[in-house]
Amino acid sequence: MQFEENKDLSALNTLGFSYKAERYVEINEDTALNEAVEYAQQKGWPVFVMGGGSNLVLTRNIPGLVIYLSKNTMQYDIRGPENCWLFKITVGAGVNWHQLVRDSVSRGLYGLENLSLIPGNTGAAPVQNIGAYGVELCDRFDSLTALHLPTNEWHEFDLASCEFGYRDSVFKHHPDEYAITSVRLLVGKDMPQETSYDSLSQLITRRYTQNEITPEIVSNTVCELRQSKLPDPSIIGNAGSFFHNPIVTRAHHEGLRQRFPNLVSYPQEDGTVKLAAGWLIDSLGLRGNRKGAVGVHDKQALVLVHHGGGTGHELLTYAEEIQQSVQDKFGVELIMEPKVL
Ligand code: EPU
């Protein structure tokens, strides 16, 4: 097995920070992954597995071995009676997520269209249970295969064992323990469409009748919405939403509503209330703010950006200042979404 040494990772993390991997290898087969992990264990090298690098803040060079999972297979199998038109797709971890969405949409299959244009690879999607426009990965999830790195053994995870929550899964609670190599998802011709998310529904109902809607139309509309407010990582470094939308008690929410009548909030089934973190940061006047090489995106305050030439530390310090300001003004704790290394 050939390892590249001192591999520059700037093109492999969407924030574009320039750090190096001591050793680096791309792997597209499960057996080769076992071999690489065993070799690293023998040498005493720590192993770090990378996906698309779209939810990652690098703050230092990475010692040991960085493995990039590049398996890019996609297989559609009819599941259940044929007339149900329900398919199980088995997807390699290295498949670009948006490419997968477009592939299923081009076959006229519903399921993934609301998750269009989310950066990153399929293997990383379950880790933070990606979600957008009313759909989360867990709503379309069947199962996955992952290598348990400390034992070099394969594990299967079904929906329950992934312990999915809002931007959360069992893998977030066991960081760097598992390498997800295949994800199985359910898509179909007759699946219910989810177009009720405010901005999506406004745009779609203005242009189409219910009968005209196709997976492709939903996907294109989601792309249009995302492109109108989220920066393209190939142009400006970012990791999507930098903070979770915080959840507060009903009493806390009531107090805030009285002080800030325009507060954007979403009541949850359990009686708590989710707040729009973007609105909180925007209300501090920080949208479009810049400090050195980092800043807040000018169209969506939940996204922090790297203008180039900066460091992960610079971004983290800036993020901490925002957390403190939100705490001071609203008494709300913002939790960072990307993984920090
Ligand atoms: N808002 C502002 N100012 C801003 C940003 C937002 O006032 O600068 C307000 C908007 O007007 C809107 C509300 O906040 O009323 C919510 O904004 P938006 O619809 O843009 O969604 P979000 O809650 O900010 C979440 C996800 C996004 C996802 C969108 C659409 C999280 C942390 N983020 O953002 O996910 O695309 O909903 O479903 O849940 C990501 O995770 O990387 C991501 C982009």
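The values are calculated or read from the model by the stated rules, or taken from the named source; none is laboratory data. Since this is a predicted model, take the numbers as computed values, not measurements. Note that we place each Cβ from the backbone using ideal geometry, even for glycine, and neighbour counts take in every protein chain shown. Note: accessible area is taken over every heavy atom of the protein model, side chains too, but ligands, DNA and RNA are not part of it. Shrake-Rupley method; radii C 1.70, N 1.55, O 1.52, S 1.80 Å.
The table below lists the values:
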{"quantity": "Scan of the stretch 84-106 for residues that are in a helix (DSSP H, G or I), under 12 Å from Thr122 (Cα atoms) and not polar (S, T, N, Q), ordered by number", "calculated": "Trp97, His98, Leu100, Val101"}
{"quantity": "Unique residue being in contact (Cβ under 8 Å) with a residue 60 or more places away in the chain and either among the polar types (S, T, N, Q) or out of contact with any Phe, Trp or Tyr (no Cβ under 9 Å at 6 or more places or on another chain) (or both) when the list is Gly312, Gly308, Gly271", "calculated": "Gly308"}
{"quantity": "Search result, residues across the stretch 274-294 that are part of a strand (DSSP E or B) and within 13 Å of the ligand (Cβ to nearest atom)", "calculated": "Lys274, Leu275"}
{"quantity": "Failed item, numbered, when Glu216 is tested on (1) more than 12 Å from the ligand (Cβ to nearest atom); (2) touching a residue at least 24 places away in the same chain (Cβ under 8 Å); (3) not assigned by TED's automatic domain parsing to the domain that holds Ser104", "calculated": "(3)"}
{"quantity": "Test: residue in the stretch 157-177 that is in a strand (DSSP E or B) and open to solvent by 30 Å² or more (accessible area, probe 1.4 Å)", "calculated": "yes"}
{"quantity": "Enumeration of residues in the stretch 237-273 that are open to solvent by less than 70 Å² (accessible area, probe 1.4 Å), assigned to a loop (DSSP other than H, G, I, E, B) and more than 14 Å from the ligand (Cβ to nearest atom)", "calculated": "Gly271, Thr272"}
{"quantity": "Subset tally (residues that are open to solvent by less than 10 Å² (accessible area, probe 1.4 Å) and either over 23 Å from Ser199 (Cβ atoms) or not assigned by TED's automatic domain parsing to the domain that holds Glu177 (or both)) for the stretch 84-103", "calculated": "6"}
{"quantity": "Of residues in the stretch 298-308 being part of a loop (DSSP other than H, G, I, E, B) and within 8 Å of the ligand (Cβ to nearest atom), the one surrounded by the fewest Cβ atoms within 10 Å (Cβ to Cβ)", "calculated": "Lys299"}
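Conditions tested, residue by residue: (1) of a type in the set (Phe, Trp, Tyr); (2) more than 14 Å from the ligand (Cβ to nearest atom); (3) not assigned by TED's automatic domain parsing to the domain that holds Gly51.
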| position | (1), (2), (3) |
| --- | --- |
| Leu117 | no, no, yes |
| Ala132 | no, no, yes |
| Val135 | no, no, yes |
| Tyr166 | yes, no, yes |
| Ala179 | no, yes, yes |
| Arg184 | no, yes, yes |
